[in-house]
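Participant: Can you read through this structure? Questions will come right after.
The values are calculated or read from the model by the stated rules, or taken from the named source; none is laboratory data. Fair warning: this is a prediction, and the values are worked out from it, not measured in the lab. Please note that ligands, DNA and RNA were not included when accessible areas were found on the heavy atoms of the full protein model with its side chains. Shrake-Rupley method; radii C 1.70, N 1.55, O 1.52, S 1.80 Å.
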Amino acid sequence: MKIAVDIDDTLNILERVRYAGEYIRRNQLPFTLKDPDANAFVDVYDWTLDDVLKFVREGGGITAFTDAPVRKGAREALARWKEEGHEIVILTSRLPSWFANPEKISRDWLEKRRIPYDELVADCQDKGKYCEEHHVDVLIDDRIEHCLAAQSRGVAAVLAVTKATVSRAREVRYGGANWKQIDMAVHHIAGLIARRNAL
C-alpha cells in the first residue's frame, strides 16, 4: 500500500500562537489574536499574508517549522508501516515563497527526528490530484480540503483532526485525533484493500 503523509499539524505540532506572538511582542506590532486554533499562520492574528511572509523570512518564523515537535506516536506508526512493507511518501504543500527550499527544510526536519519515509514531495498544492496520479492508496492530512479532494478521486483519506478541523471532521470518512487513532484507521483501510484485492 502507498501512504502519503503531510508534515505540518499532521506529523508535527506547529506552535503558531507562541512563535508569532513572541515576534509581534518583540517588534511591538499592532496585531491582535484572531483564532488561536487556526491551522494557517495568516488566520491566527489579524495580519496580512505579506506580514506573515515577513515574519517567516525575516522575523525568525521559520523556526516554528524547523523546531516543531513530532506528534506523539507518529514516528512509531510510520516505522510500523515501513516494517509491514508499505511505501511512505511525505507530501507537503510547503511553498518556495515561504521556505526558499521547502524540500531541504522538510528533509532536515524528518531526518533529525528519524522519521522513516521513502519519498519526499514538497510544494504540492493539489494533493488529491497527486494521489490519484501517483497511485497513492491513503492520504493522511490535517486539511479538510486535501482530504476531500483525495476522497473525490477514490483515494482513502484520514483526517488528522485538530482543534481547527474538529467541527468538520465528519466530512472525511476516516480520522484520528491522535496517531494511535490514525494508525488504526490506516490498518482498517489496509484490511479493506487486501480483501478487495483478494476478490
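Participant: If each DSSP helix of 4+ residues adds -39,500 (n - 2.57) and the sum is divided by the residues in the chain, what number results at 222 nm, nearest 500 deg cm²/dmol?
Facilitator: Values: 10 runs with 90 residues, N = 199.
Value at 222 nm, helices only, nearest 500: -13000 deg cm²/dmol.
Participant: Rolling a 1.4 angstrom probe over the protein heavy atoms, how many square angstrom per residue are accessible across region 1-108?
Facilitator: Values: 5130 Å² over 108 residues.
I get 47 Å² per residue for this part.
Participant: To the nearest µm²/s, what D does Stokes-Einstein give for the chain at 37 °C and 0.692 mPa s, using the Kirkwood radius over alpha carbon pairs as Rh? Before the final figure, lay out the partial values.
Facilitator: Details: Rh = 17.4 Å.
Rounded to a whole number, D works out at 189 µm²/s.
Participant: Probe 1.4 Å, all protein chains in place: accessible area of Ser167 in Å², nearest 10?
Facilitator: Accessible surface of Ser167 is approximately 110 Å².
Participant: Using a 1.4 Å probe and counting only protein heavy atoms, arrange His135, His86, His188 so the residue with the most accessible area comes first. Mind dumping the intermediate values first?
Facilitator: On the way: His135 145, His86 30, His188 95 Å².
Accessible-area ranking of His135, His86, His188, largest first: His135, His188, His86.
Participant: Leaving out ligands, DNA and RNA, and with a 1.4 Å probe, what % of the accessible surface on the chain is carbon or sulfur?
Facilitator: 49 percent
Participant: As a quick test, which of the pairs Lys54/Lys104; Lys54/Lys180; Lys54/Lys82; Lys34/Lys112; Lys82/Lys104; Lys2/Lys54 have an alpha carbon distance above 31 angstrom in this structure?
Facilitator: Values: Lys54/Lys104 20 Å; Lys54/Lys180 37 Å; Lys54/Lys82 38 Å; Lys34/Lys112 33 Å; Lys82/Lys104 22 Å; Lys2/Lys54 37 Å.
As for pairs spanning more than 31 Å Cα to Cα, those are Lys54/Lys180; Lys54/Lys82; Lys34/Lys112; Lys2/Lys54.
Participant: Over region 121-179, with the other protein chains present, what is the accessible area per residue in square angstrom, probe 1.4 angstrom?
Facilitator: Details: 2830 Å² over 59 residues.
Per residue, region 121-179 has an accessible area of 48 Å².
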